[in-house]
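**Q** First the structure, then my questions, so here it is.
Each reported figure results from applying straightforward, stated rules to the coordinates on display, with no laboratory input. All figures in this text were calculated on a predicted structure; none of them were measured in a lab. Note: ideal-geometry Cβ built from the backbone for every residue, glycine included; neighbour counts use all protein chains shown.
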Amino acid sequence: MGFDPAKANAYLQQARQIEQTLSEHQELFDEGKFLDFQSVTTTLETEIQRAQQEARKLSIGIVGAMKAGKSSFLNACIFGGKDVLPKAGTPMTAALTRIRYSETPQATVHFYERKDWEKIEDNAQKYEEQLNTKYSNYCKIYDRSHADSTEGVCSKQVFERTLFQQDVSEVLKSAKELTQMVGSNSAILEHLGDADVLDGDIMAKLQDYVGARGRFTPIVNYVELEVNLPELEDLEIVDTPGLNDPIVSRSYATRQFLRACDVVILLSPCSQFMDANTVGLMANGLPDNGVRKVIVVGSKLDSGLLNEPKGSFAVASQHALNSYKGQFRNTMQQAMRNNPRRAGIMEKISESDLLFVSSTCSSMARKQKQHQPLSPAENLVLQNLHSNFPDFDETLLSSIGGINKVLKTLEAVRQQKAEIIHGKNNTLLETAQINHLRALDKIQQELSSSRTTLKNSTSEQLLQRTEAIQQVMESSRGKLMYIFDGAAIGCKNKVNQLLPQLTLEQQNHQRLDVQTSSEEHHGVEGTGLFGLIKEHYSYTVTNNRVDVSEVVTNLEHHASTCQNTINQEFQYVFNREQLSHRIVEVVLDAFRKSDMEFDEDDIRLPLQNVLNELSSPEIRFDYTTYIDKVESQFPSGYAENDDIHKLKSLQTRLLNEIDQDMGQQLTAALQMAANMLNKQAVTFADRIQELLCGELEKLQGQIQERETYLAAYQQFDKTIQQMKKQLAQTDSSH
């Protein structure tokens, strides 16, 4: 059987009724679990609506870290080389954009519905309530465990930033952020529920809607861009702003839209192919369900190839591709080990679907075929390829571009459209059913634990257990601080080790090839009385010339090499797995030495959740400003004779500036990492203590009405069982 709308809507109604029941018992379990259940229902509702659309389009999501080259890739691959989307750094990169076909190009900016904004404001209020409650509990626990200390509790602002935001639901955090962005500009809320249609100079007008400082940015849900490209008639492209978007609300919205995508193209720059950032996107950003296929694309292949040693292009190209594939295999193996619960999405990513592209080289190949001039940036890439690889042939540009392979892959996907959509529609209920049951099971586990503890404990015992946990964490505090402090010191020491390497690296990027040419000049000169005697003479003029592109190449390679060296070294500043293992063992050892009975899993889970937030620093260095300085001083593209000395002096000065600026970034990045570790050193024990004692604090408040709450837990547990049975009996097969 195919998709059954009646059955789907009946199940949706059933889920909404369960939601209502759950909302009436919020005081008995963690609200984050309720939001998890609600999110599944909301996604299902959207998917049911899409499944009922006639001639539904195949939805393809473009995913990657910010500045992974998504817009350039789309322009080269989907839009036939036309600059339909502006490249990174423009306002469009700040918004999620759905791209569709239309004979009349325009953009439609969709604002949140008023009911959506009311929910956002409600969740922002819940954020504040949870913050106030948890800060109050933190202060109580801190006062009891630090009775003899002269240090006071941290401020509410510090607690929110270092402890609370790590544990609060992303839904609540996003809502709080959006309401803060509106601030005093509440007049824009009058536009809720509206949709503004833009035409003419669309990109310029969009700045006010999706720019970082756009007036309407906080209330924009998404943008629909309609373009006159018949190739898109049966497709919908979802261009995401980047899953590592620093604005939480946009990143959350992106993940919600991705749930509706059938196919996802994951871009990872070749210069950092399948790095920790990309692993994080796969492990945490991509939805488990809904997406039927994931295609990994290594972008900016030209930059990756230029990082290879000079010599044979064929050798460098083969070595680079083998290296990327090896990184892919290692990354996937590591990701599966670290995130076994995410195996579903990982299994949809295959090495056979690996593609490598260079949007720049694709554009160059197309322009050469059409006898169009290359841009300055494209000329620079071409010169660098010739300079690095003597055997490079410009007929290889199309191959490096890789767009034809992508188009063949997309065509194969397009041919599978009916199968993909049919398969997705047929698993809608099954997917929602599984996720709903998981959410209910987590609630039931919490209810069982709370009921057992409340039933078997007196107020004094709860207080004693709370104090015992506090004592255990206090006993491990010194060792934890030592571990974190040691890692922080390692960050600071690394600066002194890396800075001299940047200066030494300059020596590899200073050579300039001076081209010498000679020119013979001949003439006749009159001598003697009245110059009547004619003498013939000749002389040779020697010209020295240096192509400015060599300086640009040196600057680019120096900056790129230093950036890669630094980011590779950052991975060893502190070994995250090793650090996490040491911390877990310290805490568990402290619990083992105490007289308290405990379940290791109850300790490991909150520990691991906090430790998962640790990450090594990373820098992104923009060297285009230095190139601009060269090109502005030598607009002709070359330096001759006496000007060569000026060009060499400029190169030396700019290399020193790169070292200085990159050194500042290095120092700042490592200082940021050290600060993060220093904060963890003084707050980690408190944070784990708050997580472990939070449930006990809740039960302490219920102990005076023990029988009432025991009956409530028991009755609600039965209700959850009935809910699970009700959902499990739903026939989701087709």
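**Q** Extending each Cα 7 Å along its Cβ direction at Glu45 and Tyr101, get the distance between those two points in nm, one decimal.
**A** Inter-label distance under the simple model: 3.2 nm.
**Q** If you don't mind, there's one more thing I want to ask. If you build the convex hull over the alpha carbons only and average its shadow over all orientations, what do you get for the range 372-427? Give it in nm² to one decimal.
**A** 6.4
**Q** Let me ask you something else. Any chance you could run the full-extension gain for Glu411 through Lys7? It's 0.36 nm times the residue separation minus the Cα-Cα distance, nm to one decimal.
**A** 142.1 nm
**Q** How far apart, in nanometres, would the label points at Arg161 and Gln714 be if each is projected 7 angstrom from Cα along the Cα-to-Cβ direction?
**A** It works out to 4.9 nm between the two label points.
**Q** Please go through the residue pairs Lys408/Lys629; Lys173/Lys593; Lys126/Lys442; Lys119/Lys300; Lys126/Lys205 and name each one whose alpha carbons sit more than 31 Å apart in this structure.
**A** Lys408/Lys629; Lys173/Lys593; Lys119/Lys300; Lys126/Lys205
**Q** Between Glu519 and Gln383, what is the FRET efficiency for a Förster distance of 35 Å, r being their Cβ-Cβ separation, to the nearest 0.05?
**A** After rounding, the FRET efficiency stands at 0.90.
**Q** If packing is taken as the mean number of other Cβ atoms within 10 Å per residue, what is the order of 263-269, 304-310, highest first?
**A** 263-269, 304-310
**Q** Out of the GluC sites (Glu not before Pro) in the range 7-58, which ones are loop residues according to DSSP with at most 14 other C-beta atoms within 10 Å?
**A** Sparse-neighbourhood loop GluC sites (Glu not before Pro): Glu24, Glu54.
**Q** Okay, moving on. Calculate, in nm to one decimal, what Val584 and Asn641 gain on full extension: separation in residues at 0.36 nm each, minus their alpha carbon distance.
**A** Using 0.36 nm per residue and subtracting the Cα-Cα distance, I get 13.9 nm.
**Q** Quick one: which residues, 5 or more positions from Leu267 or on another chain, have an amide H under 5 Å from its amide H? H modelled 1.01 Å from N in the peptide plane, none for Pro or chain starts.
**A** Val63, Gly64, Val297
**Q** Just to confirm my numbers, what's the Cα centroid distance between the range 661-706 and the range 406-444 in Å?
**A** Distance between centres, Cα-based: 37 Å.
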